[in-house]
Amino acid sequence: MSNNYSDAYLRDILTRTRRVAVVGVSMNPVRPSYYVARYLSLKGFEVVPVNPGHAGETVFGARVVASLSEIEGGVDMVDIFRRPEHVPPIVDEALEAFPDLQTIWMQIGVVNEDAAEKARARGVDVVMDRCPKIEYQRLFGELRMGGFNTGVISSKL
């Protein structure tokens, strides 16, 4: 699959996802990893922040864990805020820790085809070089309210 994802594909992922592990979350509110994770939590997603440098701290009501393998229970999606060369071991850990994992999501600027193929081979959906916050806003009408032409037709303003 190329990086041209259909709106239906992205909408399906965002609709079925309930619990998200955000790898590389920052405690700094001006960093994208912080405000994307915070936004997702405000939209009703259960966000599990992952950052070994801040393990044990709390951010937007959730305890930060050091690694994916420390998360109790499963997650539906792993959202990766790390450089592309750091993605393969994260995907390996996610596939090992979460047998029912549905989605690997790599943030804007993050593309690793080898890791993506490994996840797809296990039946996991993959999104690369996209942001779930931006896609959620675009697909569910929030950007339209700001005057952006999202290409999505809706009766909402």
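Considering only residues in segment 47-68 that are in contact with a Pro (Cβ under 6 Å, 6 or more places away or on another chain) and over 18 Å from residue 87 (Cα atoms), the one that is modelled with the highest pLDDT turns out to be 64. If you go through segment 112-133 and pick out every residue that is under 16 Å from residue 40 (Cβ atoms) and either touching a strand residue (DSSP E or B) at 6+ places or on another chain (Cβ under 9 Å) or modelled with pLDDT under 95 (or both), you end up with 4. Please tell me if residue 45 is surrounded by 14 or more Cβ atoms within 10 Å (Cβ to Cβ) and at positive phi. So residue 45 does not fit the description; no.
Scanning segment 21-46 for residues that are assigned to a helix (DSSP H, G or I), in contact with a strand residue (DSSP E or B) (Cβ under 6 Å, 6 or more places away or on another chain) and among the aliphatic types (A, V, I, L, M) returns 37, 40. For the structure I just gave you, tell me whether residue 50 is over 22 Å from residue 38 (Cα atoms) and within 13 Å of the chain's Cα centre (by Cα). Here the answer is no, as residue 50 does not meet what is asked. Whether a residue is within 16 Å of residue 16 (Cβ to Cβ), in contact (Cβ under 8 Å) with a residue 40 or more places away in the chain and touching a helix residue (DSSP H, G or I) at 6+ places or on another chain (Cβ under 9 Å) was assessed, and residue 111 does not pass this test. Note on segment 53-140: enclosed helices (runs of 4 or more DSSP H) holding 1 or more residues that are basic (Lys, Arg) and open to solvent by 60 Å² or more (accessible area, probe 1.4 Å) are 113-121.
Of all residues in segment 16-35, those satisfying the criterion of being among the β-branched types (Val, Ile, Thr) and open to solvent by less than 80 Å² (accessible area, probe 1.4 Å) are 17, 20, 22, 23, 25. Going through segment 17-42 one residue at a time, which ones are within 13 Å of the chain's Cα centre (by Cα) and not aliphatic (A, V, I, L, M)? The answer is 17, 18, 19, 24, 32, 33, 34, 35, 38, 39, 41.
The values are calculated or read from the model by the stated rules, or taken from the named source; none is laboratory data. Model, not experiment: these values are computed from the prediction. Every residue, glycine as well, gets a Cβ built from its backbone with ideal geometry; the counts of neighbours run over all protein chains shown. Note: areas computed on protein heavy atoms with side chains; ligands, DNA, RNA excluded. Shrake-Rupley method; radii C 1.70, N 1.55, O 1.52, S 1.80 Å.
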